[in-house]
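The values are calculated or read from the model by the stated rules, or taken from the named source; none is laboratory data. What you are looking at is a predicted structure, and each value in this text was computed from that prediction instead of being measured. Cβ coordinates were reconstructed from backbone atoms using ideal geometry, including for glycine residues, and neighbour counts include every protein chain displayed. Just the protein is used for accessible areas: all its heavy atoms, side chains included, with ligands, DNA and RNA removed. Shrake-Rupley method; radii C 1.70, N 1.55, O 1.52, S 1.80 Å.
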Amino acid sequence: LSDIPLPDDAEILEEKTVIQGSGLGWSGKITIKTEQSPAQTLIFFSEEVAPNGWTMISSTVSEQIILVYKKGNRIATVEIMRDFPMFGRETTAIISVVPDDGVQGNPFQDQ
């Protein structure tokens with residue numbers, strides 16, 4: 001996870017996390033919980049990911065926030081959602097990193 005920063009209070013949910021590889025070539029999915037609001041989490045990723053060499057290529061801000069970054073031959077998607085647990089409020093972020101050539105063509109089309 002060396003090239004995607006996480007909020008200081010982020011708790012990685014191991015049962016919802018899959019990581020392949022290591023260092024600057026890792027890929028997979030990380031699910032975190034943070035006490036930050038979705039807006040604070042959006043600001044964190046917007047300010048902290050780019051200095052690590054990622055370029056934002058797309059963003060959607062609505063009830064669910066989706067940020068898409070590119071670095072070299074990898075694409076990272078950050079999905080930010082508000083949770084309403086029984087005690088307090090938390091934000092969940094799912095960070096997915098894949099090779100940019102991971103899907104070629106339409107995988108649902110008959111060959």
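Given GLY21, GLY102, which one is at pLDDT below 85, on the phi > 0 side of the Ramachandran plot, of a type outside the set (A, V, I, L, M) and surrounded by 10 or more Cβ atoms within 10 Å (Cβ to Cβ)?
Details: GLY102 fails: on the phi > 0 side of the Ramachandran plot.
GLY21 is the lone residue from the list that is at pLDDT below 85, on the phi > 0 side of the Ramachandran plot, of a type outside the set (A, V, I, L, M) and surrounded by 10 or more Cβ atoms within 10 Å (Cβ to Cβ).
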Of all residues in region 27-55 being in a loop (DSSP other than H, G, I, E, B) and out of contact with any Ser or Thr (no Cβ under 6 Å at 6 or more places or on another chain), the one that is nearest to LYS70 (Cα to Cα):
TRP54
Go through region 49-71 and give me each residue that's open to solvent by less than 70 Å² (accessible area, probe 1.4 Å) and more than 24 Å from ARG82 (Cα to Cα).
ASN52, GLY53, TRP54, LYS70, LYS71
Answer yes or no as to whether GLU15 is more than 18 Å from VAL97 (Cα to Cα) and either touching a residue at least 40 places away in the same chain (Cβ under 8 Å) or not hydrophobic (A, V, I, L, M, F, W, C) (or both).
no
